[in-house]
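Engineer: A single structure is presented below for examination.
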Amino acid sequence: MLNEQWLINANPRGRALSSEDFKRTQTETAALAEGQVLVRVDLLSFDPSQKGQMENIGYAAATEQGQVMRATGIGEVIESTDDKMPVGTQVLGSLGWQQYAVMNASAVEIVPDDGLQSAYLGPLGGTGLTAYFGLFRVGCPVPGDTVLVSGAAGATGSVVGQLAKLSGARVVGIAGGPQKCDWLVHELGFDAAIDYKNESVKAAIRAACPGGVNVFFDNVGGSILNDALACIALNARIVICGGISRYEQAVLPAGPANYFNLVFQRASMSGFLVTDYAAEFAAAKSRLAQWIKNGDLVFKEDVQSGFDQIPATLKRVFDGDNFGKQLLRM
Ligand SMILES: NC(=O)c1ccc[n+]([C@@H]2O[C@H](COP(=O)([O-])OP(=O)(O)OC[C@H]3O[C@@H](n4cnc5c(N)ncnc54)[C@H](OP(=O)(O)O)[C@@H]3O)[C@@H](O)[C@H]2O)c1
């Protein structure tokens, strides 16, 4: 079968992504060995960590220029040599930026037929699980706490805020632009939202969190982290989930000047990786799915379309153009 693919063509470390970083090619799909499936890729997930994987920083397996760009996706089995995954099965896995993927059946999971299909790339997938474990295991909010979230209108941040509300906290989100801030307060039930593009962040945190911040869930880093550190309460927990403000920078900023407030407030700042909790993913997914079904957890998807648009769609998460979980339908 003729297969169109996008390959990694450069290392974008220290700069923004460009169209030259990817190269389009065509190849024939390989014949299936025993225990394999041929998957038609239908829906792709876009995650900031994909740029880090091209740069070979962090925890993921090394990548090389000339290989198919890695990506999690959902697709349909159209050929199979595995009895447990017949033709027609919907599967999720690391399918990559290509029209068809030859996969070992053991390397993909069956997507439940529960009407929540695309959610398995968002609130029931990597971003939802990141929110769940980062908040509950590292942030540990208790009723009455004030939880501050950066990147709050994004796939991870929007789930963090809603889970924090479910745990009885007061929740303040930081996001870019009035439309995203309105959505946080009026549709997700955040208590307040700060538009970091149009407000003085430190003054706005002080105003929205008069008793100080008990839990700060940070997706952004840089000056937003520094401003939040100035506003922490006694025994605060700062959860370092991501630092998207630095992912395109050639020269990294000096450490946050306000870190010494950790001493005065006897606070802790911890990083985490969602993969550390893999053994508990199934249990977390069933709790998240129940909240979605009850209407307690709402999510938004930003679905682009077309194979041609794949590289430009990854850039959207770095430019803040995505409003909700970034996906692309082939
Ligand atoms: N630790 C882990 O295991 C783990 C796992 C998954 C993801 N993460 C991290 O979680 C974070 C969110 O990922 P996601 O997939 O949910 O993406 P996302 O939040 O849906 O999209 C990224 C958002 O980041 C914001 N942003 C981009 N550049 C920014 C800047 N310079 N300053 C402030 N905000 C900026 C934009 O929102 P605005 O329009 O509001 O600017 C954009 O919509 C990332 O930092 C990612 O690396 C960590």
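The values are calculated or read from the model by the stated rules, or taken from the named source; none is laboratory data. Keep in mind that this is a model prediction, so the values were computed, not measured. Cβ sites come from the backbone with ideal geometry, for glycine too, and all protein chains shown count toward neighbours.
Engineer: Picking from Val87, Val37, Val111, Val77, which residue would you name as being buried (at least 19 other Cβ atoms within 10 Å of the Cβ), without any contact (Cβ under 8 Å) to a residue 40 or more places away in the chain and not aromatic (Phe, Trp, Tyr)? Quick ask: steps written out before the conclusion?
Structural biologist: Details: Val87 fails: buried (at least 19 other Cβ atoms within 10 Å of the Cβ); Val37 fails: without any contact (Cβ under 8 Å) to a residue 40 or more places away in the chain; Val77 fails: without any contact (Cβ under 8 Å) to a residue 40 or more places away in the chain.
Result: Val111 is the single residue among Val87, Val37, Val111, Val77 that is buried (at least 19 other Cβ atoms within 10 Å of the Cβ), without any contact (Cβ under 8 Å) to a residue 40 or more places away in the chain and not aromatic (Phe, Trp, Tyr).
Matching residues to (1) within 14 Å of the ligand (Cβ to nearest atom); (2) surrounded by fewer than 24 Cβ atoms within 10 Å (Cβ to Cβ); (3) over 19 Å from the mean Cα position of the chain (by Cα); (4) part of a helix (DSSP H, G or I):
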site	(1), (2), (3), (4)
Leu95	no, no, no, no
Gly115	no, yes, yes, no
Pro123	yes, no, no, no
Leu129	yes, yes, no, yes
Val138	yes, yes, no, yes
Pro141	no, no, yes, no
Gly144	no, yes, yes, no
Val149	yes, no, no, no
Ala152	yes, no, no, no
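Engineer: So which of Phe260, Phe217 is surrounded by fewer than 22 Cβ atoms within 10 Å (Cβ to Cβ) and either hydrophobic (A, V, I, L, M, F, W, C) or more than 23 Å from the chain's Cα centre (by Cα) (or both)?
Structural biologist: Of Phe260, Phe217, the one residue that is surrounded by fewer than 22 Cβ atoms within 10 Å (Cβ to Cβ) and either hydrophobic (A, V, I, L, M, F, W, C) or more than 23 Å from the chain's Cα centre (by Cα) (or both) is Phe260.
Engineer: For segment 26-46, does any single residue satisfy the condition of being among the polar types (S, T, N, Q), under 20 Å from the mean Cα position of the chain (by Cα), under 26 Å from Glu301 (Cβ atoms) and assigned by TED's automatic domain parsing to the domain that holds Val87? I'd like the intermediate steps shown before the answer.
Structural biologist: Filtering segment 26-46 for residues among the polar types (S, T, N, Q) gives 26-27, 29, 36, 45.
Among the residues that remain, those that are also under 20 Å from the mean Cα position of the chain (by Cα) are: 45.
Still in the list and also under 26 Å from Glu301 (Cβ atoms): 45.
Within this subset, residues satisfying the condition of being assigned by TED's automatic domain parsing to the domain that holds Val87 are 45.
Yes; the residues of segment 26-46 include at least one that is among the polar types (S, T, N, Q), under 20 Å from the mean Cα position of the chain (by Cα), under 26 Å from Glu301 (Cβ atoms) and assigned by TED's automatic domain parsing to the domain that holds Val87.
Engineer: Checking Gly242 against (1) over 18 Å from Gly134 (Cα atoms); (2) small (Gly, Ala, Ser); (3) surrounded by 16 or more Cβ atoms within 10 Å (Cβ to Cβ): exactly one of these is not met. Which one?
Structural biologist: (1)
Engineer: Right, here's the next one. Scan Arg24, Arg40 and give me the residue that is outside any loop (DSSP other than H, G, I, E, B), basic (Lys, Arg) and in contact with a helix residue (DSSP H, G or I) (Cβ under 9 Å, 6 or more places away or on another chain).
Structural biologist: Within the list Arg24, Arg40, the selection yields Arg24.
Engineer: What is the residue count in segment 295-330 for residues that are in a strand (DSSP E or B) and either among the small types (Gly, Ala, Ser) or under 16 Å from the mean Cα position of the chain (by Cα) (or both)?
Structural biologist: The total comes to 8.
Engineer: Quick check: anything in segment 266-274 outside the structural domain of Arg237 (by TED's automatic domain parsing) and among the basic types (Lys, Arg)?
Structural biologist: Within segment 266-274, not a single residue is outside the structural domain of Arg237 (by TED's automatic domain parsing) and among the basic types (Lys, Arg).
Engineer: May I pose another question? Can you pull out the residues in segment 254-300 that are free of Cβ contacts under 8 Å to residues at least 60 places away in the same chain, within 16 Å of the ligand (Cβ to nearest atom) and in contact with a Lys or Arg (Cβ under 7 Å, 6 or more places away or on another chain)?
Structural biologist: Scanning segment 254-300 gives no hits.
Engineer: Of all residues in segment 36-68 being within 13 Å of the ligand (Cβ to nearest atom) and hydroxyl-bearing (Ser, Thr, Tyr), which is farthest from Gln117 (Cα to Cα)?
Structural biologist: Here the answer is Tyr59.
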